[in-house]
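Everything below concerns the one structure shown next.
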């Protein structure tokens, strides 16, 4: 019997009915994952059977021929399964088979009846011609193509996603875990979806996801303004590779082309990530080195003078795949829908991975980005949502002063990711990043409409924040069993330090005619009115246990304690304000993995977020705390062609700030916000070449405690409804002359919002339409293999609308129609 077929089944049963357990055998011991070597140029590529096997024959080699050598690992060591003898057939599942099927954490793919497959594999290689087997002219030796041994490209990371549907994510548990097994609403927006939509921002990439609202401030390039379940995420809800990316109002916006996917967690996530809003987070996952050579060049042009060139390349550096690299770069020159506002960018992100064996991985990565743009246009409610005596202010209107206004930001980050597997039960990881952002921001800001109904009152604002961040997350994962229970325990200690130097100045500026603007009024630089330097240190200690109870139940429980120390130096007044906060957060969730891919779940989780500042008596504010109850059901049939989830939840955030009734210049911490909601989301390939993304969101946000005039009202800027549906059709050979064509289209409904918590006006809802078209140019010749053109149009009918108002004096137009055409060459 072939040893590969004798491999013992893992313990437990997963949602698809296969036996499984938490125990993970060492890669390269009982199972090996390989990928075919690239074929020589000018020759026919070898066939790609689903399984490639080698057998060491007991027959002595022919005279003059060397004895076949056993496969070797990247370090040059012989890789032989313990107990394997000459004559035993070693079945090997190739990389694509491994990545496209769902395997439980702790198990590897099992190929049964591997010996016959091995013979067929060798036969197919022999028939493939010179690309697959070459004869040495000197000694007549037949040399088979090398098949490098490799496991997953990243230990503990989810397998690459092909198509729109993912099966795993890391954000929900800090380890690659099937979406069905996470007792919380989690979504993945993979690279293929980003490319299909040609998304240029996070908001464009997640616009068809439930519970999220992106582009809240329209075409504002300063940051990614997102809402998750009614809570703003721009200050602390954006992460990059598992570490916090956004830091307050000077958050910045990372280039989407440098990302591999977005992972979305809805609801409190403090038990793993510390201080965060209760609405959830979006984890941006960067491109990383791959074991397969690949890349693309993308040339784009579009509305508002956009010209953009981008490219990415990755693959092994050496023959054994010990070293691999990734390099991504983008350059853009562009204007925007607002007159005199540019949107230029330079971005580069290299990465290098060292993988000396299948149990060790070290990746060193970096990014550099420079943006040259301006801030958002603050326009009044009267004149945007409603008309003045002269009509509405044009959406292209620039309310600032050319030559004065600027928003220049330079940001960079350098980090490492280390992972080491110690035997079959223990894995240690460290994720570290040092990042810096420097901003030069000057803006002439409109503060309202004067009595003549056409002149905008203005002030000047200058700030030059400088931000340094060092973050490190240390983890240890232990797998073991206690009787019939399988455990995957994650313990961790994370630390971050953030230094923000923040000088700010406010001054006066001349008014501007909103309908016939005349620019050129001098704007003197004001003297600093605020100059602070804040140092914040955060320590977090956490533990999480994923427990398999019997055959179908997965219990996830976690607890964390955080310590946050913040010192704020007033450089003008010479005083220092110190704030010390500590909090304990927890999460408990239970999932039932029913046969056929259904997974109902229920969970409870909490969050905390430090609140800087003091009340009228000088007392520091307590951290805001959040609590969520969530029930839902997920469905992903075996094979992973679709994923559907529904969730009902209630989030309560306590200790919110509200105006002090006795002193309107200060705030008190008596507010409470409750958000009840229902989310439906689905993505899948429903037919040959036809894929669908759909979502529906209902929120019932209510101020339950606070000022008397606020209680019972909806918080400003939070919509009650949102829905979206996007369909994509690719035509193959079965469609005849349509082969190579791709069409896509979507419709989005954005519900109305309010301008304030009391005595508010309403920002109307809007329905928008998107469209896409692409064509595979290889239909015109083999020399164009891997080349296609793509055209997308967002807001196809050029609907003018207001995205949001933070007050009656600060409204922001939404994105007008944007058309982007790209020529793409992939290899």
Number of the condition not met by residue 603 [criteria: (1) in a strand (DSSP E or B); (2) over 23 Å from residue 719 (Cα atoms); (3) touching a helix residue (DSSP H, G or I) at 6+ places or on another chain (Cβ under 6 Å)]: (3)
Criterion violated by residue 485 - all others in (1) under 23 Å from residue 396 (Cα atoms); (2) in contact (Cβ under 8 Å) with a residue 40 or more places away in the chain satisfied: (1)
Among (1) closer than 30 Å to residue 529 by Cα; (2) surrounded by 17 or more Cβ atoms within 10 Å (Cβ to Cβ) - the single one residue 617 does not satisfy: (2)
Residue 184 being under 22 Å from residue 635 (Cα atoms), touching a residue at least 40 places away in the same chain (Cβ under 8 Å) and buried (at least 24 other Cβ atoms within 10 Å of the Cβ): yes
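In region 230-241, which residues are under 17 Å from the mean Cα position of the chain (by Cα), in contact (Cβ under 8 Å) with a residue 40 or more places away in the chain and part of a loop (DSSP other than H, G, I, E, B)?
233, 235, 236, 237, 241
Only one of these is buried (at least 22 other Cβ atoms within 10 Å of the Cβ), at pLDDT below 95 and more than 30 Å from residue 300 (Cα to Cα): 151, 156, 203. Name it. Before the answer, list the steps.
On the way: 156 fails: buried (at least 22 other Cβ atoms within 10 Å of the Cβ); 203 fails: more than 30 Å from residue 300 (Cα to Cα).
The unique qualifying residue is 151.
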Members of region 773-819 found to be surrounded by fewer than 19 Cβ atoms within 10 Å (Cβ to Cβ), touching a residue at least 60 places away in the same chain (Cβ under 8 Å) and under 19 Å from residue 339 (Cα atoms), listed by number: 800, 817, 819
Selection status of residue 718, surrounded by 18 or more Cβ atoms within 10 Å (Cβ to Cβ), within 23 Å of residue 805 (Cα to Cα), outside the structural domain of residue 188 (by the TED database) and touching a strand residue (DSSP E or B) at 6+ places or on another chain (Cβ under 9 Å): yes
Which numbered condition residue 387 misses (of (1) touching a residue at least 24 places away in the same chain (Cβ under 8 Å); (2) surrounded by fewer than 21 Cβ atoms within 10 Å (Cβ to Cβ)): (1)
Selection count where residues are surrounded by fewer than 17 Cβ atoms within 10 Å (Cβ to Cβ), modelled with pLDDT of 95 or more and more than 23 Å from residue 609 (Cβ to Cβ), scope region 553-589: 2
Residues located in region 447-473, provided they are within 16 Å of residue 407 (Cβ to Cβ) and either in a strand (DSSP E or B) or over 36 Å from the mean Cα position of the chain (by Cα) (or both): 460, 461, 462, 463, 466, 467
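Counting just the residues of region 744-754 that are touching a residue at least 24 places away in the same chain (Cβ under 8 Å) and within 25 Å of the chain's Cα centre (by Cα), which one comes out surrounded by the most Cβ atoms within 10 Å (Cβ to Cβ)?
Taking region 744-754 first, the residues touching a residue at least 24 places away in the same chain (Cβ under 8 Å) are 744-746, 748-754.
Subset that is within 25 Å of the chain's Cα centre (by Cα): 744-746, 748-751.
Values: 744: 20, 745: 16, 746: 21, 748: 19, 749: 16, 750: 24, 751: 18.
It comes out as 750.
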Selection from region 706-725 of residues that are assigned to a strand (DSSP E or B) and in contact (Cβ under 8 Å) with a residue 40 or more places away in the chain: 721, 722, 724, 725
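Per-residue answers, yes or no, for (1) within 29 Å of the chain's Cα centre (by Cα); (2) assigned by the TED database to the domain that holds residue 385; (3) assigned to a strand (DSSP E or B):
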residue	(1), (2), (3)
742	yes, yes, yes
756	no, yes, no
791	yes, yes, yes
798	yes, yes, no
815	yes, yes, no
822	yes, yes, yes
Test: residue in region 721-735 that is surrounded by fewer than 19 Cβ atoms within 10 Å (Cβ to Cβ) and closer than 23 Å to residue 234 by Cα: yes
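For the condition buried (at least 20 other Cβ atoms within 10 Å of the Cβ) and over 17 Å from residue 518 (Cα atoms), what is the one hit in 409, 470?
Details: 470 fails: buried (at least 20 other Cβ atoms within 10 Å of the Cβ).
The unique qualifying residue is 409.
Only one residue in 282, 297 is touching a helix residue (DSSP H, G or I) at 6+ places or on another chain (Cβ under 8 Å) and part of a strand (DSSP E or B). Which one? Walk me through how you get there before you give the answer.
Details: 297 fails: touching a helix residue (DSSP H, G or I) at 6+ places or on another chain (Cβ under 8 Å).
Answer to the selection: 282.
Out of all the residues in region 213-228, is one or more touching a helix residue (DSSP H, G or I) at 6+ places or on another chain (Cβ under 9 Å), outside any strand (DSSP E or B) and modelled with pLDDT of 95 or more?
no
Within region 685-695, can one find any residue that is under 23 Å from residue 227 (Cβ atoms) and either surrounded by fewer than 18 Cβ atoms within 10 Å (Cβ to Cβ) or modelled with pLDDT under 95 (or both)?
Kept after step one, since they are under 23 Å from residue 227 (Cβ atoms), are these residues of region 685-695: 693-695.
Narrowing the set further to residues that are either surrounded by fewer than 18 Cβ atoms within 10 Å (Cβ to Cβ) or modelled with pLDDT under 95 (or both) leaves none.
For region 685-695, residues under 23 Å from residue 227 (Cβ atoms) and either surrounded by fewer than 18 Cβ atoms within 10 Å (Cβ to Cβ) or modelled with pLDDT under 95 (or both): absent.
The values are calculated or read from the model by the stated rules, or taken from the named source; none is laboratory data. Predicted, not measured: the structure shown is a model, and the values here were computed from it. Counting neighbours? That spans all protein chains shown, and the Cβs are built from the backbone with ideal geometry, glycine included.
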